[in-house]
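The values are calculated or read from the model by the stated rules, or taken from the named source; none is laboratory data. Please read all numbers here as calculations on a predicted model, not as lab measurements. With ideal geometry, Cβ positions are generated from the backbone for all residues, glycine too; neighbour counts draw on all protein chains shown.
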Amino acid sequence: MENLVQYVTGFFPVMVRVSGLVMAAPILGGRGVPPQLRAALTLVTALVLYPALGALPVPSAPAAYFALVIRELVVGLGLGYAVTLVFSAVYLAGQLIDVPMGFGMVNVVDPQSGTQVPIIAQFQYILAALIFFAVRGHHALLRALATSFAVIPIGGGFPKGSLAGTVVEIFVSMFYLGVRLSLPLMAGLVLADIAMGIIARAVPQINVFMLEFPAKILLGLLLLLALLPGYVSVLTRIFSGQGDLARVLEAFMASF
């Protein structure tokens, strides 16, 4: 019985960190994922990781143990939030494209969040999720989780003041990444606006406003189709072992 209690008290903080990542990470923690599947994934991952960690310095005092559990939950949620920021950059790129393309007022229901989202943003988000699994980004995420126990060992202190600054830097870099992902298509749509302006000045009889809306949608879809191979290549680099996702996770863990 004593060995069982010792095992459970050491295993529970590990499971809490894993559960924080599963809850906060996109795809894994979405509303479309059944709670039973998330609970099973958390339990199995923790059971696999726990034997490799060895003896853990778990405090015996209830207050100290509670503080340890809260710290592990913060670490897990932070790792999941770092992954969410990378996917949010992809989503932001789609939102920036939707407005000039004419889809700014056309939304669809996102099964992950249960809210209405722009069409192109949702398309790029789903494509990013597919590429994430295709390039084994979930393997890289699990490796980062395993590495976090060495970089941020259980039983350490709470994060220092540098964590807030690191989160802000990650947020800014992901916002910049989203803007860069949207620039090629946005540039083509801006050129279309310029061409429509020239036509309106040269041939005033043409109702440019009636012509512009379907023309920009058609042009945007054609540009999206033409840029899709390059877009897939960029997403592959983002989710690769040395891509933006890995750098974001490393930066977050280094701030503890």
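In table form, for the structure just shown:
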read-out: Residue check, residue 248 closer than 22 Å to residue 77 by Cα and surrounded by fewer than 19 Cβ atoms within 10 Å (Cβ to Cβ); value: no
read-out: Residue selected from the range 198-233 under the condition of a type outside the set (Gly, Ala, Ser), touching a helix residue (DSSP H, G or I) at 6+ places or on another chain (Cβ under 7 Å) and modelled with pLDDT of 80 or more, by the criterion nearest to residue 147 (Cα to Cα); value: 232
read-out: Pairs, first closer than 16 Å to residue 98 by Cβ and surrounded by 12 or more Cβ atoms within 10 Å (Cβ to Cβ) in the range 214-237, second among the basic types (Lys, Arg) and at pLDDT 90 or above, C-beta under 8 Å, six or more apart; value: none
read-out: Qualifying residue in the range 234-252 (condition: touching an Asp or Glu at 6+ places or on another chain (Cβ under 6 Å) and modelled with pLDDT of 85 or more); value: yes
read-out: Inter-residue pairs, beta-carbon under 7 Å, first outside any helix (DSSP H, G or I) and in the range 134-153, second not aliphatic (A, V, I, L, M), 6+ apart; value: 135/236; 135/239; 135/240; 152/256
read-out: Cross-chain or 6+ apart pairs with Cβ under 6 Å, the range 78-104 first and surrounded by fewer than 22 Cβ atoms within 10 Å (Cβ to Cβ), then polar (S, T, N, Q); value: 96/182
